[in-house]
Amino acid sequence: MIVRSHLPWPLRWAVGALALGFSAALALWAFEFGKSIAGLDRRTTEELVALRAEVVGLREKYDELQKASTTADSLLKAERVAQERLGQQLRALESEKQSLQSELGFFQRLLPSSSEGMQLRGLQAEVSLPGKLDYRMLVVQQAREPEFDGFYEVTLTGTLDGKPWSMSLPETRRPIMVKQVARVEGTVDHPPSAVIKGVQVKIVDARGSIRATQSTRL
């Protein structure tokens, strides 16, 4: 025996409509949820693209700053090198200036003098190395005088081992020829332990007569 439940047709239609409405609502919810997810992915993609563009811009700015820093360092190094070169040139010019001033002072002693005969001018001397004394001087005579052919003798005075000392030996006598002006330079060897305090130069003719003399203190 089979038992069947019979529902009225209106009720059946109502249940079917309710099921269809629930299915439609579920589909609409799924559709809206999918749209929301899709929109979120688009925003995320757009933000990612924007961030990548910003990173690229920052990298470009970093490269520009790096290049500017490198250029600044190069300019700074070049400026330092230029300053060092200018300093070297300035020191060289200062040394040349002092040398020229010394030469000027030396040659200023060539000014005409009213005295007659031979003159010894501008005697300068200094101990350049232990046991060696450098000297220079000018020997001048009147234009009407004949050419002089003789000697000059250098005498050193000072102390040696705490005692007075002088040196005037034959090896310090050297030949000299003067027509009007003669510039004389030379070196005298002496005991390294000697303390030189004074230098004297004498011009001597062939007969042994002193024609001129000059002294200087160290």
Condition check for residue 215: outside any strand (DSSP E or B) and among the polar types (S, T, N, Q)
no
Does residue 52 fit the bill of being in a helix (DSSP H, G or I), at pLDDT below 80 and not hydrophobic (A, V, I, L, M, F, W, C)?
yes
Among the residues listed as 202, 179, 163, the single one being surrounded by 14 or more Cβ atoms within 10 Å (Cβ to Cβ) and either among the charged types (D, E, K, R) or modelled with pLDDT of 90 or more (or both):
202
Single match in 194, 212 (criterion: farther than 23 Å from residue 129 by Cβ and either touching a helix residue (DSSP H, G or I) at 6+ places or on another chain (Cβ under 7 Å) or crowded, with 17+ Cβ neighbours inside 10 Å (or both))
212
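Residues are listed down the side, and each one gets a yes or a no for (1) assigned by TED's automatic domain parsing to the domain that holds residue 125; (2) outside any helix (DSSP H, G or I); (3) at pLDDT 85 or above; (4) farther than 30 Å from residue 139 by Cα:
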site: 60; (1), (2), (3), (4): no, no, no, yes
site: 63; (1), (2), (3), (4): no, no, no, yes
site: 68; (1), (2), (3), (4): no, no, no, yes
site: 71; (1), (2), (3), (4): no, no, no, yes
site: 78; (1), (2), (3), (4): no, no, no, yes
site: 92; (1), (2), (3), (4): no, no, yes, yes
site: 97; (1), (2), (3), (4): no, no, no, no
site: 100; (1), (2), (3), (4): no, no, no, no
site: 114; (1), (2), (3), (4): no, yes, no, no
Within segment 150-207, which residues are among the basic types (Lys, Arg) and in contact (Cβ under 8 Å) with a residue 24 or more places away in the chain?
173, 179, 183, 197, 202
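Which residues, counting only those in segment 145-160, are of a type outside the set (S, T, N, Q) and either at pLDDT 90 or above or in a strand (DSSP E or B) (or both)?
Narrowing segment 145-160 to residues of a type outside the set (S, T, N, Q): 145-154, 156, 158, 160.
Listed by number, the residues that qualify are 148, 149, 150, 151, 152, 153, 154, 156, 158, 160.
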Within segment 163-184, identify whether any single residue is of a type outside the set (Asp, Glu), touching a Pro at 6+ places or on another chain (Cβ under 6 Å) and farther than 12 Å from residue 123 by Cβ, and answer yes or no.
no
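The values are calculated or read from the model by the stated rules, or taken from the named source; none is laboratory data. Owing to the predicted nature of the structure, the values given are computational and were not obtained by experimental measurement. Every residue, glycine as well, gets a Cβ built from its backbone with ideal geometry; the counts of neighbours run over all protein chains shown.
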